[in-house]
Amino acid sequence: MGDASPVGPGGEPTQGSGAALLFLQEHDSRIMALRNELSVMPERVELQLIAARMGEMKVRLGEVARIRDDLKARQEDLDSRVDKVAERKRKIEGRLYSGEVSSPHDLQAMSAEVENLSRQTSDLEDEELGMIEELDKLSAEIDDMERAVDAMSERSEELADKIQARAVEIDAELTLVIADREKAVAQIPSQLVFAYDVIRDRSGGIGAVALVGGRCGGCHLDLPEAEIERIRKAPPGELRTCESCGRLIVP
C-alpha cells in the first residue's frame, strides 16, 4: 500500500491515491487514539479520584485537628482548675486539722467548704475524663486519616509513574506515526488532502473510508447500486463521497 504512487504524470490523483488516503486515515485514527488514550487512561482517572478524595480528607483532617486542639486547650484549662480546687482543699484541710481553729462555727464552715470542694473536684475530674476520652477518639481519627492520606499519596506516586512511563511510550509512537503520516501526505495531491482534512474535522476524525460490500465504511449504510457504480467508475481526478455522511469513499 505504501509503494503505490497516487500521483500521475499530470499531477492528478491516480488509483493509488485511494490506498494512500486510507493509509493516511489509518494513521490519523491511530494518532487520535493515542492522544485520547493518555487522557482517559484508567490510571489517570484513578489519580483524579484519589486527588479529589485526598482534598476532601485533608479538609476533614484540618477540621478534626482544630476540634482536637480546642478540646485540648479546654482540657488543659480544666486540669488547671482541678489543681487550684485541690490546692484550696488541701489548705483548708490543713487548717481544719491543725488545731489552730477552735471555733465550732468556723470548723463547721471549713468542713462544709471541704465537702463542697471535694464535690467540685469530682465533677471537674469527671468532666476532664470525658474530655480525655473524646481527645483519644479524635486523635485516633486523625491517625487513621493521616495513614489514609499517606497511602493515597503513595498510590498517587505509583500512578503518576505509570502515566509518565506510558506517556513516554505514546510520545515515541506518535513521533513514528506522525512521520509516516507526513510521508503519506507527500504522496497525495494537496487538494485531496485539503478536502480530506475538512471532511475529517467535521466528521468525528474520519475523513476517508473504504467501500465494503456495497456499504459505506463510515456511516455503515448500504448504498444504492447506482451510487456504488458511480464510486467505482469515477475518474481518478474526481472526489468520491458518500451521499449520506459526506466522507470520501475509496472503492
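Some values worked out for this structure:
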read-out	value
Residue check, D161 loosely packed, with under 13 Cβ neighbours inside 10 Å, modelled with pLDDT of 90 or more, farther than 30 Å from R240 by Cα and not aliphatic (A, V, I, L, M)	yes
Tabulated pairs, the range 218-242, first closer than 20 Å to Q191 by Cβ, second of a type in the set (A, V, I, L, M) and modelled with pLDDT under 80, C-beta under 8 angstrom, 6+ apart or interchain	R240/A234
Where V250 falls short, out of the listed (1) under 12 Å from G18 (Cα atoms); (2) surrounded by fewer than 19 Cβ atoms within 10 Å (Cβ to Cβ)	(2)
Residue in the range 182-202 that is of a type outside the set (S, T, Y), assigned by TED's automatic domain parsing to the domain that holds A33, in contact with a helix residue (DSSP H, G or I) (Cβ under 9 Å, 6 or more places away or on another chain) and at positive phi present	no
Residue match in the range 199-221 (condition: among the acidic types (D, E) and within 21 Å of L24 (Cβ to Cβ))	yes
Residue selected from the range 118-151 under the condition under 26 Å from A86 (Cβ atoms) and hydroxyl-bearing (S, T, Y), by the criterion surrounded by the fewest Cβ atoms within 10 Å (Cβ to Cβ)	S122
Hits in the range 36-87 (condition: small (G, A, S) and in contact (Cβ under 8 Å) with a residue 60 or more places away in the chain)	A51, A65
Out of G18, G2, G8, sole residue that is touching a strand residue (DSSP E or B) at 6+ places or on another chain (Cβ under 6 Å), at pLDDT below 85 and under 23 Å from D197 (Cβ atoms)	G18
Lone qualifier among R35, R53, R60 - being part of a helix (DSSP H, G or I), outside the structural domain of L176 (by TED's automatic domain parsing), surrounded by fewer than 16 Cβ atoms within 10 Å (Cβ to Cβ) and under 38 Å from the mean Cα position of the chain (by Cα)	R35
Residue list for the range 32-58, restricted to those being at pLDDT below 95 and β-branched (V, I, T)	V40, V45
Pairs, first in the same structural domain as V59 (by TED's automatic domain parsing) in the range 140-152, second assigned to a helix (DSSP H, G or I) and among the β-branched types (V, I, T), C-beta under 9 Å, six or more apart	E141/V64; I142/V64; M145/V64; M152/I50
Failed item in (1) in contact with a Lys or Arg (Cβ under 8 Å, 6 or more places away or on another chain); (2) part of a helix (DSSP H, G or I), with D123 passing the rest	(1)
Residue satisfying condition, being at positive phi and either polar (S, T, N, Q) or surrounded by fewer than 11 Cβ atoms within 10 Å (Cβ to Cβ) (or both), within set G94, G99	G99
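Residue-by-condition table, conditions (1) aromatic (F, W, Y); (2) in a helix (DSSP H, G or I); (3) modelled with pLDDT of 90 or more:
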| residue | (1), (2), (3) |
| --- | --- |
| A73 | no, yes, yes |
| L78 | no, yes, no |
| R81 | no, yes, no |
| R90 | no, yes, no |
| E100 | no, no, no |
| H105 | no, yes, no |
| M110 | no, yes, no |
| E113 | no, yes, no |
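The values are calculated or read from the model by the stated rules, or taken from the named source; none is laboratory data. Keep in mind it's a predicted model, so treat the numbers as computed, not measured. Reconstructed Cβ throughout: ideal geometry from the backbone, glycine too, with neighbour counts over all protein chains shown.
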